[in-house]
Amino acid sequence: ETLVFVPVPAWQSLFSGPDVCLTHYRRYRRRLLRQHLEGAGLRVSQTGYFFTSLLLVRIVEVILERLKVRPIEASGIVTWRGGEFLSSSLAAILRLDYGLGRWLAARGLVLPGLSCYAVARSR
């Protein structure tokens, strides 16, 4: 039996330039991710979202892109030049984001996020 963690981009309506740059083919919701994994023969034990703090930023970026205010460019993750201190600081913030989301989900409040995940086992 193998345990797998599957992170994917969330919310197909947010598909935009950065997804093209990162060669994503689609974005998912928890239910669709579960369906695909179960269809592949895996037992899904958990699904959720993370990067809640980045969701509003991406929504604004997508709106600007569709209004042609901001052209499709390489994703920030590809062109990132923030340095060690800024990178470490952002990583800490995103770890807090994930931890808070997990804590809230354990209490029944699942917040949407920029990414979706599933934890599954082989059958």
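Laid out as a table, the results:
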{"quantity": "Estimated vicinal HN-Hα couplings, Hz - the stretch 64-70 in sequence order (Karplus 6.51, -1.76, 1.60; Gly, Pro = x)", "calculated": "5, 5, 6, 7, 6, 7, 10"}
{"quantity": "Trp11 accessible area, 1.4 Å probe, all protein chains in place, Å² to nearest 10", "calculated": "50"}
{"quantity": "For the chain, radius of gyration divided by Kirkwood radius, i.e. Rg to Rh on alpha-carbons", "calculated": "1.00"}
{"quantity": "Distant-in-sequence amide H partners of Gly113 (H built 1.01 Å from N, under 5 Å)", "calculated": "Phe50"}
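The values are calculated or read from the model by the stated rules, or taken from the named source; none is laboratory data. In this text the structure is predicted, and so the values were computed from the model without any measurement. Quick note on the areas: whole protein, heavy atoms, side chains included, nothing else; ligands and nucleic acids left out. Shrake-Rupley method; radii C 1.70, N 1.55, O 1.52, S 1.80 Å.
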